[in-house]
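Notes follow once the structure below has been shown.
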Amino acid sequence: VFPRTFISIGKSSQVSIVEIYLGLTDTAYFVNPVTDIQMSENSVLNYYKVQIDGEKALHIGAVRVGQEANTLLEAFSLAVGAQMARNNISVASDGEGSDSIVDGLYVLGGTQVIDNHTLIDHRKPNCTSHQLYKGILNDASHAVFNGKIFVRPVAQKTNSYQLNKHLVLGKDARVDTKPQLEISADDVKCTHGATIGQLNDDELFYLQTRCLSKEDAVKMLSRGFVDDILDKLRDQNVRRKLSKLLSKKIAILR
């Protein structure tokens, strides 16, 4: 399946868009979507991509966003499905004063592989970007994150932030993460980082002394790990539905 979508956000408009990929079959299939979005001046877009394909699916998708002056983008991706998935998102700040929030969350189990590639291209001055990607890995799953921030010579006064965090629960789980900065301007504020860790034994012990089983303690701490990124979502209806979906995924963590 090769869906192609083009979305044009009109001048001084505001819209929320939810793009869902759902597979209810055990059959192996391949989906290769491309979504192009163009934001006109002074527009606001809340864009959410939810990937819950079937357990044997292969998903390779791309989202490309162009921002004109004084636009605000909130882009969020949730990936919990497919045997193997790759999600590419690129944002071009082509207008002065544009702001972007590009966040992602993925919860993996079994032998799932999820690969996130992000590109934020600052082409004009006085723009900001913020990225936070978080992943929970169980069993023998594998997560990849490659995030890159470009700051062009003309893009002075850029303020850009990028962070990738992983919680590794499975003994055979694997993470490959590579945050990147490429800066050609001299008056900017840009930071990036990555963390990979396990649950704190002291926190698990504390919860168990409060009459929680170890499994419930793992679920509670895992939920706390992702809640901060969900709380940032501006659309309350989307936030509630994604929270319910995550609750089902976290309920099977051990």
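The values are calculated or read from the model by the stated rules, or taken from the named source; none is laboratory data. All of these numbers come straight from a predicted model, not from anything done at the bench. Cβ sites come from the backbone with ideal geometry, for glycine too, and all protein chains shown count toward neighbours. Please note that ligands, DNA and RNA were not included when accessible areas were found on the heavy atoms of the full protein model with its side chains. Shrake-Rupley method; radii C 1.70, N 1.55, O 1.52, S 1.80 Å.
For a Förster distance of 41 Å, can you work out the FRET efficiency between the beta-carbons of Phe2 and Asp235, rounded to the nearest 0.05?
The calculated FRET efficiency here is 0.90.
What are the ³J(HN,Hα) couplings of region 234-250, residue after residue, when phi is run through the Karplus curve with 6.51, -1.76, 1.60 and θ = phi - 60°? Round to Hz, x for glycine and proline.
Per-residue couplings from phi come out as 6, 7, 5, 5, 5, 4, 5, 5, 5, 5, 5, 5, 5, 4, 5, 6, 6 Hz.
Where does region 66-117 land on Rg/Rh, using Cα atoms and the Kirkwood Rh?
Over the Cα atoms of region 66-117, Rg/Rh equals 1.13.
At q = 0.23 Å⁻¹, what log₁₀ I(q)/I(0) does region 154-212 have when each alpha carbon counts as one equal point scatterer in the Debye sum?
Values returned for q = 0.23 Å⁻¹ are -0.94.
5 Å is the cut-off here: which amide hydrogens, built 1.01 Å from N in the peptide plane, fall below it relative to Gly104, excluding neighbours closer than 5 in sequence?
Under 5 Å from the amide H of Gly104 lie the amide H atoms of Ser77, Leu132, Tyr133, Lys134, each far enough along the sequence or on another chain.
Under a Cβ-Cβ cut-off of 14 Å, what is the net charge of the residues other than Leu24 that fall near it, where Lys and Arg count +1 and Asp and Glu count -1?
Net charge around Leu24: -2.
Could you state the accessible area per residue of the chain in Å², with a 1.4 Å probe and every protein chain left in place?
Each residue of the chain exposes 47 Å² on average to a 1.4 Å probe.
GNM on the chain, C-alpha springs below 10 Å: top fluctuator among Leu207, Leu45, Leu169?
Comparing Leu207, Leu45, Leu169 in a Gaussian network model of the chain, the most mobile one is Leu207.
Assuming 1.306 mPa s and 10 °C, estimate D for region 122-193 with Stokes-Einstein, Rh taken as the Kirkwood radius over Cα pairs, in µm²/s.
It comes out at roughly 119 µm²/s.
With each pseudo-label sitting 7 Å past Cα toward Cβ, what's the Tyr161-Ala28 distance in nm, one decimal?
4.3 nm
Can you tell me which of Thr195, Thr35, Thr71 moves the most in a GNM of the chain? Springs connect C-alpha atoms under 10 Å apart.
Of Thr195, Thr35, Thr71, the most mobile in the Gaussian network model is Thr195.
Build a GNM of the chain with springs between Cα atoms under 10 Å: which of Asp94, Asp235, Asp139 gets the top mean-square fluctuation?
Looking only at Asp94, Asp235, Asp139, the largest GNM fluctuation is found for Asp235.
Counting only protein heavy atoms, what percent of the accessible surface of the chain is carbon or sulfur at a 1.4 Å probe?
Answer for the chain is 51 percent, counting heavy atoms of protein chains only.
For region 45-189, list log₁₀ I(q)/I(0) at each q in 0.10, 0.17, 0.22 Å⁻¹, using the Debye formula over Cα point scatterers of equal strength and ignoring solvent, two decimals each.
-0.35, -0.87, -1.23
Per residue, what volume in Å³ does the Cα convex hull of region 189-233 take up?
105 Å³
In terms of Cα to Cα distance under 25 Å, which lysines are near enough to Lys241, apart from those fewer than 8 places away along the same chain?
Result set, ordered by chain and number: Lys49, Lys56, Lys134, Lys165, Lys219, Lys232, Lys249.
So what's the back-of-envelope 222 nm ellipticity for the chain, counting only DSSP H runs of four-plus at -39500 (n - 2.57) apiece and dividing by all residues, rounded to 500?
Taken over the chain, the calculation gives -5500 deg cm²/dmol.
What distance in nm separates the two pseudo spin-label positions at Val15 and Asp176, each 7 Å out from Cα along the beta-carbon direction?
Placing both labels 7 Å along Cα→Cβ, they lie 3.7 nm apart.
Percent of alpha carbon pairs in region 1-106 separated by more than 17 Å?
It works out to 51 percent of all Cα pairs.
State to the nearest 20 debye the size of the charge dipole of region 1-159 about its Cα centre, where the only charges are +1 on K and R beta carbons and -1 on D and E beta carbons.
So the dipole magnitude of region 1-159 works out to roughly 340 debye.
When all C-alpha to C-alpha distances in region 36-90 are sorted into bins of 5 Å, what percent of pairs does each bin hold, rounded to whole numbers?
Bin by bin from 0 Å, the calculated values are 5, 17, 26, 18, 14, 10, 7, 3, 1.
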